[in-house]
1. Out of all the residues in the range 87-118, which are open to solvent by 40 Å² or more (accessible area, probe 1.4 Å) and part of a loop (DSSP other than H, G, I, E, B)?
2. Residue check, THR236 against (1) farther than 19 Å from ASP54 by Cα; (2) at pLDDT 95 or above; (3) open to solvent by less than 40 Å² (accessible area, probe 1.4 Å), all met but one. Which one?
3. Inside the range 29-54, can you point out the residues that are touching a residue at least 12 places away in the same chain (Cβ under 8 Å), among the small types (Gly, Ala, Ser) and exposed (fewer than 14 other Cβ atoms within 10 Å of the Cβ)?
4. Any idea which of (1) surrounded by 17 or more Cβ atoms within 10 Å (Cβ to Cβ); (2) over 30 Å from ARG224 (Cβ atoms); (3) at pLDDT 95 or above is the one GLU135 doesn't satisfy?
5. Restricting to the range 67-86, name every residue that is assigned to a helix (DSSP H, G or I) and either open to solvent by 30 Å² or more (accessible area, probe 1.4 Å) or among the small types (Gly, Ala, Ser) (or both).
6. Applying the selection to the range 183-211, what residues are out of contact with any Pro (no Cβ under 7 Å at 6 or more places or on another chain), open to solvent by 20 Å² or more (accessible area, probe 1.4 Å), more than 17 Å from VAL150 (Cα to Cα) and not polar (S, T, N, Q)?
7. Got at least one residue in the range 59-82 being among the aromatic types (Phe, Trp, Tyr) and in contact with a Gly (Cβ under 6 Å, 6 or more places away or on another chain)?
8. At positive phi and more than 19 Å from the chain's Cα centre (by Cα), is that true of GLN109?
Amino acid sequence: MMPKESMNLLRQIGVVVAVIATIIVNMLANVLPFNGVTTGELAARFDVLFVPADYVFSIWMLIYVGLAAYAIYQAQPSLRHDRRLRSLDFPFLLSSVANMSWLLLWHYQHYMATFVVMLVLAGSLITIYRRLDIERPTATPGRRWAVHHVFSAYLGWITIAAMANLGIVLEYLGWTGSGLGETTWFTLGVLTVLGIAGVMSWLRSDVVYLLTLVWALVGIGVERAADPMVSTLVWTATAVIAVMVALSAIRTPPDEPECYAP
């Protein structure tokens with residue numbers, strides 16, 4: 001059996017390798033690009049209301065910088081046996097595999113499979129987020145920036161990405177042109193995002209998560225400015241979440257039961 005010291009070192013290295021691989025695959029997806037088409041060119045083939053303006057996707061640069069910071073932070077020898085960080089290793093590796101798999105499936109136009117993988121990515125990030133709960137109120141500033149804020153932004157963006165991905169699948173299957181209609185599906189999606197934001201504001205007071213939602217919704221509002229009904233709905237939702245940001249910034253989240261020993 002491998003000694004615990006060696007096992008934890010391998011896990012630290014695994015996180016670093018996973019971050020590097022994820023960044024490289026994301027770069028190659030658009031530089032090569034995979035299957036002769038860029039990620040954005042494929043997205044442009046669908047007229048999905050939850051897809052924001054192009055500039056909004058620049059948040060991926062911030063997320064990857066954050067993941068690089070997390071990889072460096074958790075690789076410190078002094079944190080090799082940090083039980084909370086080590087508890088994140090498996091879900092983080094799973095999220096990295098899901099991230100890269102999503103790109104490959106997307107570029108080769110397996111749209112229904114992309115949504116399944118998106119759910120895996122969201123689930124792994126939710127697991128990470130939950131496992132960080134207990135230390136959230138007492139984390140040092142450095143740990144907040146290198147760990148907590150990173151995953152808050154990542155999860156916030158994937159919340160919107162999952163909605164957009166679902167919209168693409170519905171359009172691909174032809175479901176948005178009949179039955180409830182695209183605007184109704186979009187309204188349900190916005191209400192879902194508002195509900196999630198409300199929970200995150202009340203239970204976590206997570207300003208970074210909420211600001212990420214605001215960033216994405218503003219981009220949707222800009223993209224859909226020509227549609228009065230959709231833009232009004234989006235800007236209203238954005239204003240509501242902005243209020244949640246202000247309230248979250250001035251209150252402390254309720255204590256959470258301890259899940260992991262320090």
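The values are calculated or read from the model by the stated rules, or taken from the named source; none is laboratory data. Keep in mind that what you see is a predicted model, and the values were worked out from it rather than measured. Quick reminder, even Gly has a Cβ in these numbers, built from the backbone with ideal geometry, and neighbours come from all protein chains shown. Heads up: the accessible areas ignore ligands, DNA and RNA and are worked out on the full protein's heavy atoms, side chains in. Shrake-Rupley method; radii C 1.70, N 1.55, O 1.52, S 1.80 Å.
1. Within the range 87-118, TYR108, GLN109, HIS110 meet the criteria.
2. The one condition THR236 does not meet is (3).
3. Correct list: GLY40 only.
4. Looking at each condition in turn, GLU135 falls short on (3).
5. Result: ALA68, ALA69, ALA71, ILE72, TYR73, PRO77, SER78, ARG83.
6. Selection gives TRP185, LEU188, LEU191, LEU194, GLY195, ILE196, GLY198, VAL199, TRP202.
7. Scanning the range 59-82, I find no residue that is among the aromatic types (Phe, Trp, Tyr) and in contact with a Gly (Cβ under 6 Å, 6 or more places away or on another chain), so the answer is no.
8. yes
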